[in-house]
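Taking it in order: structure first as structure tokens, then the write-up.
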């Protein structure tokens, strides 16, 4: 627990300091709620460039530590509005930390997030272990983006294990996701601001991907959210000053490249391009000279930002080219992945009353009608939100959401269901921000609603005022229904998050594939409480694997076809007659069956190179 939270707090502190230093260098004197996301984006390439130096992560830890300390020293006395920011930010950070901890609280343990839903964390742990040892493996060799892995390795140099480092990084990303929209939520009651920030940071699909340990998707969704908000802030002249005004956006794009490779840049680049076209079209309505003047003013900041971005991603360009051949982009490759079937795009609206986002309507505890009612509420909230944002002339976030919707459609037509699900998840925080902020700003307070109802008798004398009052009451009712349903959906996702083993070592992956069938014997507490069955089977992929409850010492022979036996924990007593060993293999003892009984083992073959699929 302490290692997980210490890792999260270190990432949060470093990201906030480095990000605000970027804004201060760009001329912004007041605190920006985009600073933590921007700082996290800067930490990723910095950690990746340093992690490959000798020292098993020490160089990366020093690089991040020096960056954070220098940034904090530079900011001393140079940041305005910290007191006001703390009054809002501290409650949001504390509550978001609690929400991100719900899987650990419910499971009463700290370990690998998502085991039982998606055991892919196994390969991420192995990649990080090889990074620390300056080695190589499949993800490293294929150009896979390893910025988050490098931050995790840097954290391990300070004491936490890799499991706790990744857990802390996931928690920190969730907290930053809730802090990011606060800059848009200033003109409302404190409790509304906090509720809206939490809804955006823990939108249903964001919470669902957090609980399955999918840190890359939650991080990319954060960068897309911050980038869209940053575009709107840039339009109001409040992001930075002069030619450096757009540099924070370049930092976010660089972070996206090092966490999600070139696909992440499609979302950000598409949002920036579409937003620029919309802004120029809007300016041209006042005359073409306005559009030309806007374009001239934007050329220099855009060029500087583009230059900063290209310099920061130059070391990664070769790896991006390699990653284009990764199995995920093969239309005949990943397929469903860990999904049961295609997920509904309606889940991005934030209301899906199921603890498992992969379930179809009616497959969970709620009947199908409840899902469709939630979809109607979500669509109504989104429609009202889009009208509200565009009526106010705030176009950046709606445009980014529109681009995300087009990319979801593209993935549905040209990609796999697995890719489509990721695209829907990236759109979820944007959709929630559009809906939640509009409802929070427009809905009447309880006192205002009471006054409107009490005055309904005189409304007949003022028809226009009467219509406005009825609209406000309808918006208030929609806000109550939407916030309640969306909040419950996210809580269900968080409470349903499985937590796997708290310890991990690379020995099993280093020894696979074992020749012949392997029987894994482990206590029921490990297989069920720690969700160890899926995790161990995936680590032994490439061979036939059976996983069973350990019956204790046995005097008989191993079942037919079994060549190896893995026993959870250290053991000097052979599990079967004729078993030679043991060899310590991480948390297991490995025994070799010297004279296997002829016959088929009946153990399933765990495919090497395919996606982890607990649904099967």
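One residue alone among 45, 54 is modelled with pLDDT of 95 or more, over 25 Å from residue 97 (Cβ atoms) and surrounded by fewer than 23 Cβ atoms within 10 Å (Cβ to Cβ), and that residue is 45. Residues that are in contact with a strand residue (DSSP E or B) (Cβ under 6 Å, 6 or more places away or on another chain), in a strand (DSSP E or B) and assigned by TED's automatic domain parsing to the domain that holds residue 563: does segment 502-518 have at least one? Yes - at least one qualifying residue is present in segment 502-518.
Somewhere in segment 8-18, is a residue closer than 19 Å to residue 238 by Cβ and buried (at least 24 other Cβ atoms within 10 Å of the Cβ)? The answer is yes, given that some residue of segment 8-18 is closer than 19 Å to residue 238 by Cβ and buried (at least 24 other Cβ atoms within 10 Å of the Cβ). Checking 436, 427, 517 one by one, the residue that is surrounded by 24 or more Cβ atoms within 10 Å (Cβ to Cβ), closer than 30 Å to residue 547 by Cβ and at pLDDT 90 or above is 517 and no other. When each of 408, 397, 403 is tested for being part of a helix (DSSP H, G or I) and within 26 Å of residue 474 (Cα to Cα), the lone residue that passes is 397.
Summed over segment 375-393, the residues that are under 13 Å from residue 430 (Cβ atoms) and at pLDDT below 95 give a count of 0.
In segment 424-431, is there at least one residue being without any contact (Cβ under 8 Å) to a residue 40 or more places away in the chain, within 20 Å of the chain's Cα centre (by Cα) and either in the same structural domain as residue 266 (by TED's automatic domain parsing) or more than 23 Å from residue 185 (Cα to Cα) (or both)? No; the residues of segment 424-431 include none that is without any contact (Cβ under 8 Å) to a residue 40 or more places away in the chain, within 20 Å of the chain's Cα centre (by Cα) and either in the same structural domain as residue 266 (by TED's automatic domain parsing) or more than 23 Å from residue 185 (Cα to Cα) (or both). Restricting the search to segment 583-609, which residues are over 27 Å from residue 137 (Cα atoms) and outside any loop (DSSP other than H, G, I, E, B)? Once the filter is applied, which keeps residues that are over 27 Å from residue 137 (Cα atoms) and outside any loop (DSSP other than H, G, I, E, B), segment 583-609 yields only 593. Within segment 126-146, being closer than 18 Å to residue 264 by Cβ and outside any helix (DSSP H, G or I) holds for 142, 143, 144, 145, 146.
Go through segment 536-582 and give me each residue that's at positive phi and assigned to a strand (DSSP E or B). Once the filter is applied, which keeps residues that are at positive phi and assigned to a strand (DSSP E or B), segment 536-582 yields only 581. Exactly one residue among 252, 231 is within 20 Å of residue 46 (Cα to Cα), in contact with a helix residue (DSSP H, G or I) (Cβ under 9 Å, 6 or more places away or on another chain) and in the same structural domain as residue 16 (by TED's automatic domain parsing), and that residue is 252. Kindly indicate whether residue 61 is assigned by TED's automatic domain parsing to the domain that holds residue 149 and either over 26 Å from residue 232 (Cα atoms) or surrounded by 24 or more Cβ atoms within 10 Å (Cβ to Cβ) (or both). So residue 61 passes the test.
Take segment 320-340 and flag every residue that is at pLDDT 75 or above, touching a helix residue (DSSP H, G or I) at 6+ places or on another chain (Cβ under 7 Å) and farther than 22 Å from residue 140 by Cα. Across segment 320-340, the qualifying residue is only 339. Which ones in segment 532-555 are at pLDDT below 85 and over 20 Å from residue 514 (Cα atoms)? Across segment 532-555, the qualifying residues are 551, 552, 553, 554, 555.
Here is a check on your reading of the model: is residue 90 in contact with a helix residue (DSSP H, G or I) (Cβ under 6 Å, 6 or more places away or on another chain), surrounded by fewer than 18 Cβ atoms within 10 Å (Cβ to Cβ), in a helix (DSSP H, G or I) and in the same structural domain as residue 179 (by TED's automatic domain parsing)?
No, not satisfied.
Of all the criteria given as (1) surrounded by 19 or more Cβ atoms within 10 Å (Cβ to Cβ); (2) over 38 Å from the mean Cα position of the chain (by Cα), the one not satisfied by residue 557 is (1). Candidates in segment 520-533 are the residues that are surrounded by fewer than 20 Cβ atoms within 10 Å (Cβ to Cβ) and in contact with a strand residue (DSSP E or B) (Cβ under 8 Å, 6 or more places away or on another chain); of these, the one that is farthest from residue 107 (Cα to Cα) is 523. Sub-6 Å Cβ pairs linking a first residue in segment 353-364 that is touching a residue at least 12 places away in the same chain (Cβ under 8 Å) to a second residue that is part of a loop (DSSP other than H, G, I, E, B), at least 6 apart or interchain, are 353/366; 354/364; 355/496; 358/339; 358/340, ordered by first then second residue.
The values are calculated or read from the model by the stated rules, or taken from the named source; none is laboratory data. Note that this is a predicted model, so its numbers are computed, not measured. In this analysis, Cβ positions are derived from the backbone assuming ideal geometry, glycine residues included, and neighbour counts consider all displayed protein chains.
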